[in-house]
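**Q** The structure follows.
Derivation of every value follows stated rules applied to the coordinates shown; laboratory data play no part. Worth saying up front: this structure is predicted, and the values here are computed from it rather than measured. Positions of Cβ are backbone-derived with ideal geometry, glycine not excepted, and every protein chain shown enters the neighbour counts.
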Amino acid sequence: MRSLLLGVLCLTSSCVFIFDGDDEGDKACPEYDTPAIAPAPLRDPGDLTCDAFYGGTCNPECGPCPAATSGVAPIPPIPSWPICGHVCESKGYAECEADPQCRVVLDADCSFGNSACLTDYLGCFPIDTQPDASIACFTADAWDCSRSAGCTAYHSLGACTPDGECERPFELCAPEGQSPGQCYEQVTCRAVPPACPAGTTPGILSGCYTGACIPQHLCGPQI
């Protein structure tokens, strides 16, 4: 007698169905019974939201695996992002700055004068589980910025849900304790500006380029 095993591996809203009609093969493939799951939601460095991930591996001996040509996307690995609710998230600015496991995140709208606020300290978060202390902060993207305790990420306010949970889109990265500068200061020192991508402008501080590329929508009107 042959039985039919249906395994379901899910990542967010997409599922991969794996069929196997061999009783002996079923016993050898318990990984299809329950998909692997991340121990807790993970903190997305791109917008600081908490996202749940499901993952797994596909053993071709247990049944047909999704192929690149099958029209079914392969199951991506669970990202290296840190868990939500980490102890870093309870720390204040000075304590966060001193802890090598943690990184400071600042409010970009507040830092560049686009909103009234008492402090631009947005919060403390753990560094990525694949740390790299050699990251060049000014040119780092959201993930690379999150991999070093020596980098500070600037995030702005994005869309909010009715219950008040808001996305915080990543804007730029800077070395911890070093200002990315401002957009419109006069340049008085002899220095070559950084090669900034479209939509950004070199940051200037005390008459010199800082090395940062500030998104132009953070600059505000030029006075």
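**Q** Where does the charge balance sit around PRO79 when Lys and Arg score +1, Asp and Glu -1, over other residues with C-beta under 14 Å from its C-beta?
**A** -4
**Q** Assuming R0 = 25 Å, what is the FRET efficiency of SER179 and ALA133, from their Cβ-Cβ distance, to the nearest 0.05?
**A** 0.75
**Q** Check PHE125: other-chain or 5+ apart residues with amide H under 5 Å from its amide H, H built from backbone geometry?
**A** Here the answer is ARG103, VAL105, since their amide H atoms fall under 5 Å of that of PHE125.
**Q** While we're here: Kindly write out, for the stretch 188-196 in residue order, the coupling ³J(HN,Hα) from the Karplus curve 6.51 cos²θ - 1.76 cosθ + 1.60 (θ = phi - 60°), rounded to whole Hz, with x marking Gly and Pro.
**A** Karplus-based 3J(HN,Hα) across the stretch 188-196 equals 10, 9, 7, 7, 8, x, x, 7, 7 Hz.
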